[in-house]
Each structure stands twice: as structure tokens, then as C-alpha cells.
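The values are calculated or read from the model by the stated rules, or taken from the named source; none is laboratory data. None of these values were measured; they are calculated from a predicted model. With ligands, DNA and RNA removed, areas are computed over all heavy atoms of the protein, side chains included. Shrake-Rupley method; radii C 1.70, N 1.55, O 1.52, S 1.80 Å.
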Amino acid sequence: MLFRNGLILPFGGPSDAVPDQVSAITAEAALGPGFPPDFRVDLLVQQGETVAQGQPVLRDRRAPDLCVTAPMGGRVARIDTGPGRALNHILFFHDPGADRHHYDTGGDVAALMLTSGLWTGFRARPFGGFPAPGARPAAICVMAHDTRPGALPAAAMIGEGDDFARGLTALAGLTEGPLLLVQPPGPALADAPRLRVVPAGPLHPQGLAGTHIHALHPARMDAPVWDIAAQDVAALGHLIRTGYLPETRVVAVGGPAASGQRIARCQPGADLHGLAQPVLRPGPSAILSGSALDGVESRFLFLRDRQVTVMPRPAPPAPPHWFRAALMRMSRPAPLIPTVALEQALAPSLPAIPFLRSLSAGDDEAARGFGVLSLLEEDLMLADYVSGAEPPLAAVLRGMLDRIATEGGAA
């Protein structure tokens with residue numbers, strides 16, 4: 001099934017070309033940006049300690065089997081945790097001569113992914129966040145396609161060699177359901193047991209996991225669906241083959257305020273200023289982890305992001321007249337106006353206006369009937385862009401999902 005819904009964004013779409021890759025190991029990297037806000041940690045290292053690349057440095061306090069590993073070999077420069085051991089960030093300084101941590105790959109795939117930190121590449125629906133250790137999904141959606149502006153082409157996501165196919169085969173052992181491989185139209189990028197190739201076009205949001213999960217294998221409370229990036233699947237294949245985590249990941253760097261686009265090989269959690277410096281144009285700019293549509297201004301690369309976007313920083317607006325400011329503070333939420341663009345901004349299997357009205361009204365039961373449990377914030381970012389909704393639809397969705405999770409999913 002090739003979906004027809006979608007929009008061409010004014011700041012461009014994914015690149016078809018594969019520019020030459022450049023090595024861009026930054027002097028600093030950090031763990032923390034992009035982790036769930038309720039992620040609580042037990043530290044396995046101390047500040048000032050020297051660690052090997054891929055060495056476990058912390059674990060989930062509520063699920064001790066789930067570890068997070070050092071993004072590069074070097075020194076633990078700073079550890080910053082908040083109340084209740086919430087993870088703010090751990091900063092590392094690079095040491096080119098540091099060791100690499102070796103894993104025994106002869107055991108269970110799930111245990112290997114948990115210990116090596118690759119489990120954090122999974123995102124569970126409903127609700128988002130990391131799946132619980134020991135859980136089994138009804139299906140796994142592997143994303144080898146991304147239609148956000150400036151995203152990596154599929155060839156850069158899976159890399160060369162057989163690591164991607166090896167990782168896919170390993171994932172098949174984690175579920176009795178299908179593996180949904182979302183990729184550009186054409187021959188299958190790899191083969192694996194119970195693999196279902198899902199061709200996706202170039203329009204956004206055709207390259208989002210939620211678009212295909214909602215249509216092909218909706219998530220339920222008793223039947224969660226996980227998604228994972230193709231690059232993380234290839235990393236799993238590399239780990240199984242060599243016993244080592246890959247030292248780098250591939251990231252697209254570009255944007256409206258950049259002099260061009262490049263593909264950089266950097267460590268996880270890389271310093272965004274170091275990545276973007278070679279393509280920065282003169283003038284004030286903001287460096288986002290993520291795309292121009294849903295990126296967040298940050299110093300370091302977020303956990304799941306595979307692109308860096310340089311945006312022009314507009315001049316601050318003049319403060320409004322006091323009377324206009326008072327009216328704006330008293331205004332009601334902006335109404336949703338049905339448009340063709342809004343219909344095209346969501347998955348074709350989702351009735352856009354009835355669903356968004358149920359979302360805005362806080363009607364959990366109706367929204368669940370439309371399939372809200374298959375969606376996350378990124379699935380509504382384009383609708384926010386074309387509608388200018390206030391409050392943002394993505395934030396309203398998060399509030400609804402949190403409410404359903406708190407209530408235990410009772411219909």
C-alpha cells in the first residue's frame with residue numbers, strides 16, 4: 001500500500017542524493033537530551049572516571065537490566081541529575097586513545113540489547129518511552145525512510161554490508177508478529193522472517209512510523225507496537241557480528257541557514273555546534289536537534305535524532321501594545337478550520353477533522369476509537385504547522401495519552 005496523503009514543505013523534503021560522508025567526532029558529547037522526562041537512573045561510573053566507548057555508564061532505576069552506554073571513549077566530565085535521580089545529562093570529553101567495550105554476543109538478543117543500550121532505540125506505542133524489559137510487541141516497525149525536511153536518505157540509514165539484514169533477523173526473535181519495514185518504493189532493502197515491506201512515498205508524513213502503524217497494525221493496550229530506526233537495527237547487526245557497538249552514527253546536517261547539506265559520522269550525543277560549524281552562514285542562527293518541523297534547539301544531539309538543522313534566528317518582535325497583549329492573554333483557544341492541507345497532514349487512515357475535534361474536546365473514548373493509541377507527538381507536528389493551532393495539537397495529544405496511561409487504559 002502506497003499512501004497518497006502528504007505535503008511538500010517549503011523548507012524542502014528528504015534528500016535523494018547521498019553526499020560524501022565526513023568524519024565529525026566532536027570533542028564533547030552528552031547523554032540525556034531526548035530521554036523520557038521520568039527516566040530515573042542508577043549511575044555505574046563516577047565523575048572524572050575514564051570510560052571505554054560502549055561501556056555501560058548508567059541503568060534504569062526501575063528496570064535495572066536496561067543500561068545506557070558511553071557514546072565515546074573518554075572522561076566523564078560532569079554528571080547532572082535532578083530530583084529523584086532524573087537524568088539531566090552526563091557530559092563526556094573525548095579521548096582518541098580510549099578503549100572500546102566488548103560484549104559477549106552468544107546469548108539472548110533481548111539481553112544483549114538491554115545491556116548494550118540498544119534497547120533505548122525502541123519506542124513503544126501506546127504512550128511512547130522505552131518498552132519494559134521482558135515485554136513482547138505485537139509487531140515491530142523498522143523505519144528506513146524519513147520524510148521530514150533534510151532527512152537522511154535510506155541508503156545512508158542502513159549502511160553497507162549485511163549488518164542491517166543481520167539485525168532484522170535478530171529482531172524477528174523478539175515478536176511473534178510481523179516486522180514492518182518502511183522504505184522507499186523498490187526492492188526490499190533486506191530479508192528476514194515475517195518481514196512485510198511497506199513502500200512509502202516522498203511526501204510528509206509518509207515517512208513517520210505512526211502513519212503506517214495506525215493503518216497496518218494499530219497499537220492497543222494489550223498489543224503494543226514498537227518502532228526503531230533502521231540505523232539502530234544495523235548497529236545491532238554490527239554488534240552481533242563484532243562484539244562492539246559502532247563508534248559512530250550517520251547524521252544529516254543542513255537547513256535554511258546552512259551553506260549546504262552534508263552527512264556526518266559522529267558519536268551519539270555529539271556537540272551540535274561542532275557538527276554545524278563547517279556549514280554555518282554568517283548571522284544569528286539556531287541549531288536544532290531534529291528537523292525544521294519538529295526539532296528542538298539544543299547543545300547536544302538528542303537520543304533518537306539523526307539530523308541537525310540550522311535555522312535563521314529572527315529578530316525579537318517588538319512588545320505589543322498593553323491593550324492588545326491583554327486581549328491575547330484572554331483569548332480562547334484558536335478554532336480548528338477544516339482545510340485540504342489539514343486533511344493531508346495526517347495519516348490517510350485517520351479521519352482528520354473528527355479526530356482532531358475529539359482531541360481538542362478531551363474526548364478520550366472517541367479518540368481511542370479513532371486510533372489515538374498508535375500516535376505520538378511527532379505524528380501531529382505537521383498538523384500543528386499547517387493549522388497554527390493553539391494550544392498545539394501535539395501537546396494536547398501528550399496530555400491525553402498521559403491521562404489514559406494514568407487511568408490504566410480503561411475504556
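Please report the relative contact order for the range 42-83, taking Cα pairs under 8 Å with a sequence separation of at least 6, and give it as a percent rounded to a whole number.
43
Let me check against my output: what whole-number percent is the relative contact order of the chain, with C-alpha pairs under 8 Å and at least 6 apart?
Across the chain, relative contact order equals 19 percent.
Suppose all protein chains stay in the model; what accessible area per residue would a 1.4 Å probe give for the range 104-202, in Å²?
36
Please identify, among 287, 25, 337, the residue showing maximal mean-square fluctuation in a Gaussian network model of the chain using a 10 angstrom Cα cutoff.
Comparing 287, 25, 337 in a Gaussian network model of the chain, the most mobile one is 337.
Classify the range 150-194 from the C-alpha gyration tensor, please: rounded if a/c falls under 1.5, else prolate or oblate depending on whether a/b exceeds b/c.
Verdict is prolate for the range 150-194.
Under 8 Å for C-alpha pairs, at least 6 residues apart: give me the relative contact order for the range 74-123, rounded to a whole percent.
Once divided by the residue count of the range 74-123, the mean separation gives 27 percent.
Measure out, as a whole number of angstrom, how far apart the alpha-carbon centroids of the range 194-226 and the range 357-400 sit.
17
Of the candidates 338, 317, 185, which one comes out as most mobile in a Gaussian network treatment of the chain with C-alpha springs shorter than 10 Å?
317
Considering only protein heavy atoms and a 1.4 Å probe, what is the carbon-and-sulfur percentage of the accessible area of the range 67-113?
Carbon and sulfur together cover 46 percent of it.
[x] 68, 55, 38; [y] 60, 51, 46; [z] 74, 43, 41: which one is Cα extents along the principal axes in Å as calculated from this entry?
From the options [x] 68, 55, 38; [y] 60, 51, 46; [z] 74, 43, 41, the structure gives [y].
Let me know the shape class of the range 1-128, please: from the alpha-carbon gyration tensor, a ≥ b ≥ c as square roots of the eigenvalues, rounded when a/c is under 1.5, otherwise prolate if a/b is greater than b/c, or oblate.
Prolate.
Using a Gaussian network model on the chain with a 10 Å cutoff between Cα atoms, which of 151, 86, 361 fluctuates the most?
Of the options given, 361 has the highest mean-square fluctuation.
Could you calculate the contour length gain from residue 339 to residue 21, that is, 0.36 nm times the residue separation minus the distance between their Cα atoms, to one decimal place in nm?
So the extension gain works out to 110.4 nm.
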